[in-house]
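Okay, structure first, notes after.
The values are calculated or read from the model by the stated rules, or taken from the named source; none is laboratory data. The structure presented is a predicted model; accordingly, all values stated were derived computationally and were not measured. Don't worry about glycine lacking a Cβ; one is built from the backbone with ideal geometry, like all the others, and counts go over all protein chains shown.
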Amino acid sequence: MSEQENLKNYLMKLGTSKVGFADVDGLAKQFIDLPNGISLVLKLPKETIQLVKNEEYEEYWKSFHRAIGQLTKISHKGERYIKSLGYDAFALTMKRNECDMEKLLSILPYKTIATKAGLGWIGRSALFVTPEYGSAVALGAILTDMPLEHDMPITDSECDDCTNCQEACPVGAINPQKWNDRLNRDDIIDIETCGEYIIEQYKAGLGCTKCMSECKLTQEYLNK
Ligand code: SF4
Ligand code: SF4
């Protein structure tokens, strides 16, 4: 088995639901020496989605943060594993992938790495969507200079005619335009309207992840 296959098996054994390999060369000047991205997808437990449906947001966020904690541990272990092979590696944890709170954009978005690794696409909702779990996923990544064969990127939405998330959005923040990798985020979602609504809800002890829970493919995952 190749070094790359062994690495993938190792990451899957740690509990990752999907692993893919992407060319991220030149996407972020901070990580210029690490041209390969390993995308890590962790499915959220079905019970976590149920919490959103029941509007138990406090419990939902606890569960979501547990998933992020799990991904952080996996990416650090992956970093150590790759370094033990003699390559450089960098676990791109949330702490290290700083988010510009005005633009609501991280240095190297996990969604970009994941679409380039062919693990899914950006839904109408601007969330990352997988065929297996819908948008009920958390994302992580490791960057490395380890030579890796890249997976085939996904460059166009596979949402087809579905508009479930658009219809479920309480503030009409989701545009009809379907994603492709030539568009900007503003073309598919009004992030300010969404962000303002979420903050308002948060202050009331609530939240909004309706576009995630009502995604057609999230629903299919729940019913499996
Ligand atoms: S999080 Fe809520 S407000 Fe924002 S796009 Fe999704 S459904 Fe709309
Ligand atoms: S609900 Fe439908 S349109 Fe929205 S992200 Fe999911 S599959 Fe795509």
(request) Return the only residue of LYS216, LYS224 being surrounded by 14 or more Cβ atoms within 10 Å (Cβ to Cβ) and within 16 Å of ligand 2 (Cβ to nearest atom). (result) LYS216
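Has the stretch 154-170 got at least one residue that is in contact (Cβ under 8 Å) with a residue 60 or more places away in the chain and either within 16 Å of ligand 1 (Cβ to nearest atom) or in contact with a helix residue (DSSP H, G or I) (Cβ under 9 Å, 6 or more places away or on another chain) (or both)? Spell out how you get there, then give the answer.
Step one: list which residues in the stretch 154-170 are in contact (Cβ under 8 Å) with a residue 60 or more places away in the chain, which gives none.
Among the residues of the stretch 154-170, not one is in contact (Cβ under 8 Å) with a residue 60 or more places away in the chain and either within 16 Å of ligand 1 (Cβ to nearest atom) or in contact with a helix residue (DSSP H, G or I) (Cβ under 9 Å, 6 or more places away or on another chain) (or both), which makes the answer no.
With the requirement that a residue be of a type in the set (Ser, Thr, Tyr) and farther than 30 Å from LEU7 by Cβ, what does the stretch 27-63 give you? Give the steps one after another, and end with the answer.
The initial filter retains those residues of the stretch 27-63 that are of a type in the set (Ser, Thr, Tyr), namely 39, 48, 57, 60, 63.
Listed by number, the residues that qualify are TYR57, TYR60.
Test CYS215 against the stated conditions and say whether it is within 8 Å of ligand 1 (Cβ to nearest atom), hydrophobic (A, V, I, L, M, F, W, C) and closer than 21 Å to PHE64 by Cα.
On the way: within 8 Å of ligand 1 (Cβ to nearest atom): no; hydrophobic (A, V, I, L, M, F, W, C): yes; closer than 21 Å to PHE64 by Cα: yes.
So CYS215 does not fit the description; no.
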(request) Go through the stretch 57-92 and give me each residue that's in contact (Cβ under 8 Å) with a residue 40 or more places away in the chain and outside any helix (DSSP H, G or I). (result) LEU85, TYR87, ASP88, ALA89, PHE90, ALA91, LEU92
(request) Tell me which residues, restricted to the stretch 150-178, are under 24 Å from ILE113 (Cβ atoms), surrounded by fewer than 17 Cβ atoms within 10 Å (Cβ to Cβ) and among the hydroxyl-bearing types (Ser, Thr, Tyr). (result) THR155
(request) Taking the residues in the stretch 171-202 that are touching a strand residue (DSSP E or B) at 6+ places or on another chain (Cβ under 7 Å) and near ligand 1 (Cβ under 8 Å from one of its atoms) as candidates, determine which candidate is farthest from PHE128 (Cα to Cα). (result) ALA173
(request) Can you tell me which residue among ALA141, ALA89 is among the hydrophobic types (A, V, I, L, M, F, W, C), more than 14 Å from ligand 1 (Cβ to nearest atom) and in contact with an Asp or Glu (Cβ under 6 Å, 6 or more places away or on another chain)? (result) ALA89
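Could you grab me the full set of residues in the stretch 171-190 that are among the acidic types (Asp, Glu), assigned to a loop (DSSP other than H, G, I, E, B) and out of contact with any helix residue (DSSP H, G or I) (no Cβ under 8 Å at 6 or more places or on another chain)?
The initial filter retains those residues of the stretch 171-190 that are among the acidic types (Asp, Glu), namely 181, 186-187, 190.
Subsequent filtering for residues that are assigned to a loop (DSSP other than H, G, I, E, B) retains 181, 190.
The answer is ASP190, and nothing else.
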(message) Looking at the stretch 37-56, can you tell me whether even one residue there is away from ligand 2 (no atom under 16 Å from the Cβ), touching a residue at least 24 places away in the same chain (Cβ under 8 Å), assigned to a loop (DSSP other than H, G, I, E, B) and not aromatic (Phe, Trp, Tyr)?
(response) yes
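Among the residues of the stretch 203-212, which ones are part of a helix (DSSP H, G or I) and either within 9 Å of ligand 1 (Cβ to nearest atom) or crowded, with 18+ Cβ neighbours inside 10 Å (or both)? Please lay out each step first, then the result.
As a first pass, look at the stretch 203-212 and keep what is part of a helix (DSSP H, G or I): 203, 210-212.
If the condition is that a residue be part of a helix (DSSP H, G or I) and either within 9 Å of ligand 1 (Cβ to nearest atom) or crowded, with 18+ Cβ neighbours inside 10 Å (or both), then LYS210, CYS211, MET212 are the ones that fit.
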(request) Determine which member of the set SER75, SER84, SER63 is surrounded by 13 or more Cβ atoms within 10 Å (Cβ to Cβ), among the polar types (S, T, N, Q) and within 21 Å of ASP33 (Cβ to Cβ). (result) SER75
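Answer yes if at least one residue in the stretch 134-143 is within 29 Å of GLU47 (Cα to Cα) and surrounded by fewer than 21 Cβ atoms within 10 Å (Cβ to Cβ), and no otherwise.
Filtering the stretch 134-143 down to residues within 29 Å of GLU47 (Cα to Cα) leaves 134-142.
Within this subset, residues satisfying the condition of being surrounded by fewer than 21 Cβ atoms within 10 Å (Cβ to Cβ) are none.
No: zero hits.
Listed residues ILE154, ILE142, ILE113, ILE199; which is of a type outside the set (D, E, K, R), under 27 Å from LEU7 (Cβ atoms) and either in a strand (DSSP E or B) or modelled with pLDDT under 95 (or both)? So that I can check it myself, show each step before the final result.
Numbers: ILE154 fails: either in a strand (DSSP E or B) or modelled with pLDDT under 95 (or both); ILE113 fails: either in a strand (DSSP E or B) or modelled with pLDDT under 95 (or both); ILE199 fails: under 27 Å from LEU7 (Cβ atoms).
Going through ILE154, ILE142, ILE113, ILE199 in turn, the sole match is ILE142.
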